[in-house]
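The values are calculated or read from the model by the stated rules, or taken from the named source; none is laboratory data. None of the values given here were measured: they were computed from a predicted structure. FYI the Cβ positions are ideal-geometry reconstructions off the backbone, even for glycines, and counts take in every protein chain you see. Surface areas here come from the heavy atoms of the whole protein model, side chains and all, with no ligands, DNA or RNA. Shrake-Rupley method; radii C 1.70, N 1.55, O 1.52, S 1.80 Å.
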Amino acid sequence: MRFIKTDFNIGLFSLGCFILLLGCSTAKQLQFIKDKTNTTVLGTIVKKEGVLKNNIEIKGIPHLDQKIRVSLIEKEFTKTSFSKYTKVFDKQKPSVSFNNDSENAPTYFEIELIDDIGYASSINNDITSREYVKNSKKAGVISKIAMVSQGTIDIKNITSAFLEQIENQYVINLYTNGELLTTLSFSEMTIFDYQTSYFCYGKNERNQVVVMDIVEEGKTCKRPLERKAKKLETIKKLADY
């Protein structure tokens, strides 16, 4: 009897080790690879910390398997937006100054993800990104940025703009009737404000829970989509019984 009990204890110990190793393996698999530059780039996956809008942790950049259409809008600075811009520089002198003369008012650019479905598709096709956002309660994405570019941007001839991945970096490519006009690098931008959006989950044709849309903070997902992937997974399990 003592021999049997010892074998049983050894079996429990082995099972415990297996579960522990499996848990560590899963955690390692779901660990998101951080962007080396650690910058606020359009399309970056982030995790919200606390209740403040700008209190986020940059997690990394997902792999894009397609070009994601974006909008590029030139806007005049207001006192509020200019105040945000100058705070980025801390003690450095801003490269532009604010004035109320509309003819000579300095401008900045807003770039926004407008192909939500295309971005969601890229997340689903990138296993690491998909599993991370599904298992993180506060995962979001930088969906809009306000920036000043070091170079001159002439928007008159731009007919389309896309967020694209070149090797391991994101860029904004500007096109004129399908021809590449210029490439904007995030390293050459001064990003002074951004908007965070969050993921909406649904079930695909194989009954898998996947990302189907993104919504701005404060907005709800369109039914039958859900903000929490776990809720859909729970419904699926209950239906099985």
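Observations
- In sequence order, the range 115-132 has phi-based couplings of 9, 4, 5, x, 5, 4, 4, 5, 4, 5, 7, 9, 4, 4, 5, 4, 5, 5 Hz under the Karplus curve 6.51 cos²θ - 1.76 cosθ + 1.60, θ = phi - 60°, and Gly or Pro positions carry x.
- For the range 149-231, with +1 on Lys and Arg beta carbons and -1 on Asp and Glu, the positive-most of Tyr175, Phe162, Cys200 along the dipole: Cys200
- Per-residue 3J(HN,Hα) values for the range 176-182, derived from phi via the Karplus relation 6.51 cos²θ - 1.76 cosθ + 1.60 with θ = phi - 60°, read 10, 6, x, 9, 5, 8, 7 Hz in sequence order (x marks Gly and Pro).
- Split the accessible area of the range 60-195 by element, probe 1.4 Å, and carbon with sulfur accounts for 44%.
- For the pair Lys219 and Thr128, label points projected 7 Å from Cα toward Cβ lie 3.0 nm apart.
- Taking the square roots of five times each eigenvalue of the Cα gyration tensor of the range 91-237, the equivalent ellipsoid has semi-axes of 36, 18, 14 Å, listed largest first.
- Once the chain from His63 to Glu164 is taken as fully extended at 0.36 nm per residue, the excess over their C-alpha distance is 35.4 nm.
- Efficiency of FRET between Lys87 and Asn177 - r from beta-carbon atoms, R0 45 angstrom, step 0.05: 0.70
- Remark: the range 160-229 carries a charge dipole of roughly 600 debye about the Cα centre, counting +1 on each Lys and Arg Cβ and -1 on each Asp and Glu Cβ.
- Compared with the alpha-carbon gap, the fully stretched path from Ile155 to Lys79 is longer by 25.0 nm at 0.36 nm per residue.
- Computed from backbone phi with θ = phi - 60° and the Karplus coefficients 6.51, -1.76 and 1.60, the 3J(HN,Hα) list for the range 71-78 is 9, 10, 10, 8, 9, 7, 5, 10 Hz; x is used for glycine and proline.
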